[in-house]
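The values are calculated or read from the model by the stated rules, or taken from the named source; none is laboratory data. Note that the coordinates shown come from a computational prediction; the quantities given were computed from them, not determined experimentally. Cβ placement follows ideal geometry from the backbone for every residue including glycine, while neighbour counts extend to all protein chains displayed. SASA here: full protein model, heavy atoms, side chains in, ligands and nucleic acids out. Shrake-Rupley method; radii C 1.70, N 1.55, O 1.52, S 1.80 Å.
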Amino acid sequence: MIPACRHRLTFVITDYLTTLVAWTIFNLVRYFTLGEVNFSATLIDFFCYDPVILGEIFIPLIMIGIYWLSGFYNVILNKSRAEVFLSTLGSVLISVVMIYFVAIIDDPIPDRYDNYVLILILTGLFMAFVLVGRIAMVLFIQRAVVSGRFVDRVVVYGDRQHVEECIGRLLPHIRINAMQVVAVALTDVGKDRSTVYGYEPLDVSDLAAECDRAGIARIILAVGPDDSAAILSMVRSLYFLNRPIMLPAWSSGALMSRIKLSNVAGVPLADLTSVGISESQRNVKRTIDVALSVLSLIILSPLMAVIAVLVKRDSPGPVFYSQRRIGMHCRPFHIYKFRTMCVDAEADGHPRLSSDDDPRVTRLGRFLRKYRLDEIPQFWNVLKGDMSLVGPRPEREYYEELILRRAPYYALVHQVRPGITSWGMVKYGYATSVDQMVERLAFDMVYLENISVSLDMKIMFFTVRTVLTGQGV
């Protein structure tokens, strides 16, 4: 299998070169339209003009950034020409508007009509060159898929009966879905070790090694229709593999309305590891996370220094508190806070939730919690990629197990990065019991079904209001 990252890099290089050629040709048109009147220079002198040189350097790079924000590079396989055209058109229109206000609007043009003509020419050049390069890449990948040189290797996982049925229904659509079944894992492997479609059955404990050895890219679940409990249990047990977990449409049932579809031409597969947010919004969300985290850490650094001194003086112990939490795709990470409890808060080793009158909370800790200042260090978690600004709050593994017993659908919150704040935290607040955690979960599930950058902005606005009014406890 040819690594997808190699084709992704090829897309980026192709886009850069075609954008550079289109911009250079536009500068030629620009010179012959305006040069003799406004620049009083030869063509060579024009291209040695500082603003032109800077444009040749930075315009293609900026447009690559816009292409990335559009989500075009996120998914390489199964791109249709219509999808490529619409994505390219959207990125080009945004880029041209930006370029007009930055580089063209100040051109001394006697007739403003010529300015509009230049904009149309620039749009046409970008569309022609970038679109041709992308279509050529898409056709190349499609030929590679048809020839079997570029496919996603997948493993089918479930009980024997459903695995056999699933593979039988997948085989006619293997090429359309750009995948190849290379392994089978059975939940009931101990009962019968005979081969399935020629594959030696694996136990789920062998999947991690097999995924690395065989270069498996995706996992397809084989279960009965509407068997939601089994699906959620399997998903949680497979998250640690950090690979997309797919569910065929015939098995999805009620879950299908909540899950992002990855293919329509072949067998529709629901991606259980990804929410239904567009690739462009996914990239914009992460960009906002990084930008605001860096900005917050810089602006709030004096406040953090003051809080650190106060925490140290208020009670004996470290300034920061670190705790293991479960994040996206069930990957554990350590969350950071300013310490608000005494150091022996869990001396007996048994996890305990905090309450309003918890004696373990220090005097300063109550103030920090009230205004949620104890969570400022979590901007570092966001910057590292463990968390997002907005997302379901991460829990400890102990409490996750208790929640899952009552609400198996809790496994779906691991489709996204956990957040510093969430709709559940804004509408419900801190939970002091497992029952309250389950009640707050309803808000997180609604968030997952409606996740968007605009919704994140609203939640952040209400979070700021909560902090300023001291309603954090």
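Below are the figures for this structure:
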read-out: Label-to-label distance, nm, for residues given as GLU200 and PHE443 (7 Å Cα→Cβ offset); value: 5.2
read-out: Tail weight of P(r) past 40 Å, computed on alpha-carbon pairs of the chain, percent; value: 37
read-out: Label point 7 Å beyond Cα of THR469 along Cβ direction - residues of the range 416-445 with amide nitrogen under 15 Å; value: 425-430
read-out: In nm, spacing of pseudo-spin labels at ARG331 and SER80 (7 Å Cα→C-beta vector); value: 3.2
read-out: Student exercise, the chain dipole from Lys, Arg, Asp, Glu Cβ charges, in Debye to nearest 20; value: 540
read-out: Residues of type lysines that LYS312 reaches as a straight line, Cα spacing below 22 Å, ignoring anything fewer than 8 places off in the same chain; value: LYS337, LYS370
read-out: All Cα pairs of the range 45-179, percent lying beyond 28 Å; value: 41
read-out: Helical mean residue ellipticity (222 nm; -39500 (n - 2.57) per DSSP H run of 4+; nearest 500) of the chain; value: -16000 deg cm²/dmol
read-out: FRET efficiency for ASP50 and ALA144, using Cβ-Cβ distance with R0 set to 45 Å, rounded to 0.05; value: 0.55
read-out: Label-to-label distance, nm, for residues given as SER355 and ILE105 (7 Å Cα→Cβ offset); value: 6.0
read-out: The range 322-456: relative contact order in percent, alpha carbon pairs under 8 Å with at least 6 residues between; value: 26
read-out: Per residue accessible area in Å² of the chain, where ligands, DNA and RNA are left out and the probe is 1.4 Å; value: 48
read-out: Overall form of the range 322-404 per C-alpha gyration tensor (a/c, 1.5; a/b vs b/c); value: oblate
read-out: Overall form of the range 339-473 per C-alpha gyration tensor (a/c, 1.5; a/b vs b/c); value: oblate
read-out: Relative contact order (percent, whole number), the chain, Cα cutoff 8 Å, 6+ residue spacing; value: 11
read-out: Burial order of peptide ranges 43-51, 415-423 (average beta-carbon count within 10 Å, highest first); value: 415-423, 43-51
read-out: Most to least packed among 372-384, 303-315 [average Cβ atoms within 10 Å]; value: 372-384, 303-315
read-out: Antiparallel DSSP beta bridges within the chain, as percent of all bridges there, nearest 5; value: 45
read-out: Ordering of 94-102, 239-247, 316-324 by burial proxy (mean other Cβ atoms within 10 Å per residue, highest first); value: 239-247, 94-102, 316-324
read-out: Accessible surface of the chain [probe 1.4 Å, protein heavy atoms]: carbon and sulfur percent; value: 63
read-out: For ALA136, net neighbour charge (Lys/Arg +1, Asp/Glu -1) across residues whose Cβ lies under 13 Å away; value: +3
